[in-house]
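The values are calculated or read from the model by the stated rules, or taken from the named source; none is laboratory data. Note that the structure is predicted; figures quoted are calculated from it, not measured. Counting neighbours? That spans all protein chains shown, and the Cβs are built from the backbone with ideal geometry, glycine included.
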Ligand SMILES: Nc1ncnc2c1ncn2[C@@H]1O[C@H](COP(=O)(O)OP(=O)(O)OP(=O)(O)O)[C@@H](O)[C@H]1O
Ligand SMILES: [Mg+2]
């Protein structure tokens, strides 16, 4: 069953139940209300007549009272003496009825106080009210006033009300039915849209955009689905990009290895050539190995699967030692490496291997992208809450539009040249991960032909 049908049936059923509950309570309440009203009215009339008769006890008063009762519709009014003989009445009453009144009165007057009964006389199934009131003379009962009131007109009014209420109920039901169908369709429409779109997403079509109006849960759901589709698209694109990059970066060294090993295999070469060609194979195999190791490390870092064994070290000393490892490369290019610090000893908590890996990448990048006779300055400063490490070169710099992508895997500003010089574009992605695993941050600022500054902030230990 459709959700809209379920909702509509649910609302419709509750409306029907509410109308039935209201109708039933109205029916019973009106019944008791009318009964009470009628009883009070009759008793009030009898009491009024009694007061008049007791004040002026004579046949003239009797007739006067009877005439007043003649104005009332559908009732019999009788004045009895103490022996239940009729003294006066407002209309001709059959012998049979008089018998019945007499029997009731004989029993009812036993306690000498007013009494009202609802009598089912069953004349047209309309209940009657019988009531009597004794009147006194010299503190003795002198007779009885009796009324037999037909409740037909009241029943009729009540029936009319009931019919009106039923018709109103039906109209309400009809309108609420139309509204319910309209609104349940409106409520479920976004859900149906969402369902169709998730089907498209499942089939791999991520270019979906759900327009969500309003601020309710459904609008939130639409937004979540849209952002989920966007993330899936990004994930798919980055996975494709990743695979393209990997296959490209593996294919280049593999092509060399294949070509040179084919030469070694098929041709008789002199030992000098064999040595040269084996060296190329070795270099390319090393490059492939590095790529695989880097990828593996990055994957572990991204998944948070590295165990960070931290150690308190003197950062100034440590950086000087790491710098020595790039010395031969920098010397070759005649690049100066200068380390300075705000204090002679600055203690930091690091994972030695990983932190060295991060620094080496930044230093190697600096050496690689700085012209001969350039300079790389490393400044270590102790700040209030952090330790700041700046690695600044006066090399070629990075264009501003490339800066947002610099931390992406496989990103290289100058693709052709860098890949030739050996960089795979994983270094900065790994560096960023390592610094973040230390609870720190790394930022870059760079100007083309002026130089690049990498700024690392590490939390200070006390
Ligand atoms: N100091 C720098 N000066 C100029 N360009 C730089 C500098 N450092 C990085 N880059 C640019 O950023 C790119 C990405 O650097 P990254 O260290 O991630 O990769 P890579 O050095 O090319 O390769 P890998 O580090 O994996 O060997 C580099 O290819 C280079 O274009
Ligand atoms: Mg690098």
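Say whether the condition of being closer than 29 Å to residue 61 by Cβ and within 60 Å of the chain's Cα centre (by Cα) is met by at least one residue in the stretch 104-125. Among the residues of the stretch 104-125, not one is closer than 29 Å to residue 61 by Cβ and within 60 Å of the chain's Cα centre (by Cα), which makes the answer no. Restricted to the stretch 352-363, and to residues there that are without any contact (Cβ under 8 Å) to a residue 40 or more places away in the chain and more than 10 Å from ligand 2 (Cβ to nearest atom), the residue that is surrounded by the fewest Cβ atoms within 10 Å (Cβ to Cβ) is 353.
From the set of residues in the stretch 74-109 that are touching a strand residue (DSSP E or B) at 6+ places or on another chain (Cβ under 8 Å) and assigned to a loop (DSSP other than H, G, I, E, B), which is surrounded by the most Cβ atoms within 10 Å (Cβ to Cβ)? Looking at the filtered set, the residue picked out is 90. When you check residue 349 against the structure, is it closer than 26 Å to residue 298 by Cα and either more than 16 Å from ligand 2 (Cβ to nearest atom) or outside the structural domain of residue 438 (by TED's automatic domain parsing) (or both), yes or no? It is true that residue 349 is closer than 26 Å to residue 298 by Cα and either more than 16 Å from ligand 2 (Cβ to nearest atom) or outside the structural domain of residue 438 (by TED's automatic domain parsing) (or both).
For (1) touching a residue at least 24 places away in the same chain (Cβ under 8 Å); (2) under 60 Å from the mean Cα position of the chain (by Cα); (3) farther than 20 Å from residue 118 by Cβ, each residue gets a yes or a no:
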{"residue": "22", "(1), (2), (3)": "yes, yes, yes"}
{"residue": "27", "(1), (2), (3)": "yes, yes, no"}
{"residue": "34", "(1), (2), (3)": "yes, yes, no"}
{"residue": "68", "(1), (2), (3)": "no, no, yes"}
{"residue": "82", "(1), (2), (3)": "yes, no, yes"}
{"residue": "100", "(1), (2), (3)": "no, no, no"}
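Cβ separations smaller than 8 Å between residues 6+ apart or across chains give the following pairs from the stretch 393-406 residues that are closer than 13 Å to residue 368 by Cα and assigned by TED's automatic domain parsing to the domain that holds residue 373 to residues that are within 16 Å of ligand 2 (Cβ to nearest atom) and in a helix (DSSP H, G or I): 393/366; 395/366. Tell me whether the stretch 92-105 contains one or more residues that are at pLDDT 80 or above and closer than 16 Å to residue 42 by Cα. No, the stretch 92-105 has no match at all. Candidates are the residues of the stretch 325-351 that are within 27 Å of residue 439 (Cβ to Cβ) and out of contact with any strand residue (DSSP E or B) (no Cβ under 8 Å at 6 or more places or on another chain); the one that is surrounded by the most Cβ atoms within 10 Å (Cβ to Cβ) is 325.
The residues of the stretch 371-390 that are crowded, with 22+ Cβ neighbours inside 10 Å and within 15 Å of ligand 1 (Cβ to nearest atom), listed by number, are 376, 378, 389. Of all residues in the stretch 325-346, those satisfying the criterion of being touching a helix residue (DSSP H, G or I) at 6+ places or on another chain (Cβ under 9 Å) and part of a loop (DSSP other than H, G, I, E, B) are 326, 333, 335, 343, 344, 345, 346.
Taken over the stretch 143-156, the criterion of being in contact (Cβ under 8 Å) with a residue 40 or more places away in the chain and surrounded by fewer than 16 Cβ atoms within 10 Å (Cβ to Cβ) is satisfied by 153 alone. Any residue at all in the stretch 265-277 that is more than 30 Å from residue 440 (Cα to Cα) and either surrounded by 14 or more Cβ atoms within 10 Å (Cβ to Cβ) or in the same structural domain as residue 412 (by TED's automatic domain parsing) (or both)? Yes, the stretch 265-277 contains at least one residue that is more than 30 Å from residue 440 (Cα to Cα) and either surrounded by 14 or more Cβ atoms within 10 Å (Cβ to Cβ) or in the same structural domain as residue 412 (by TED's automatic domain parsing) (or both).
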